[in-house]
Amino acid sequence: MKISKINTMNRNKILAATAAVTMTLASCGEQKTKQDAEISTQQEIEQPKNQTADIADASFSDGMTGKVFQNYQQIRMALVDSDADGVQTTAGNLAESFSEEREDIKKIAIAMAEATDIEKQRELFSDITEKVEPMFKESISEGTIYKQFCPMAFDGKGGYWISNVDEIRNPYYGEKMLKCGKVTEAITK
């Protein structure tokens, strides 16, 4: 009887220990999934870089111009990617940046936000560039921005844009002629 009682006690201890280990492992498993970190490949890291506007190294003397510049760069990158929906969204944001004193630029941004054709958006981008360039030049307080030019845009008439990097990423042709163009001016303060 003593032996069977000892075996029963040992069995109960083993069952209790097994249950405790199982519960510990199960709860550790839950914690592990909460703490898991996925390791991205180089390609996964680089893909989002290509889909977002580069961060500007330039600063501007007023917040409104800085916001306009950031939206402008996002539109530029959406055009580089031939992303008409992205242009519409960001152009809407750009339009909200302007007060009544800049109604001319606001109207172009609204037209761009309403346009669904990427080529029409590119024409309007050229119009906006012409209007915002003096604003950027007057307000830059730190860093460098680049005036760039594609001689083939708009049936050989050419088209300018302002970039926050000196690398050519052509918004007028996107992937068709991504590197067509040149830096015509480095704008610094």
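Rule-based calculations on the coordinates, nothing more; no lab input. Computed from a predicted model, the values in this text were never measured in an experiment. So basically every Cβ, Gly included, is an ideal-geometry build from the backbone, and we count neighbours across all protein chains shown.
Under the shape rule built on the C-alpha gyration tensor, where the axes satisfy a ≥ b ≥ c, the stretch 77-134 is prolate, since a/c reaches at least 1.5 and a/b is greater than b/c. A 19 angstrom limit on the alpha carbon distance is what I want to check against. Which of K67/K131; K147/K182; K131/K176; K107/K176; K67/K137 exceed it? With Cα atoms farther than 19 Å apart: K131/K176; K107/K176. Among residues other than A78 whose Cβ falls under 11 Å from its Cβ, what is the net charge (Lys/Arg +1, Asp/Glu -1)? Taking every other residue near A78 into account, the sum is -1. Taking a ≥ b ≥ c as the square roots of the Cα gyration tensor eigenvalues, the stretch 77-189 comes out oblate, since a/c reaches at least 1.5 and a/b does not exceed b/c.
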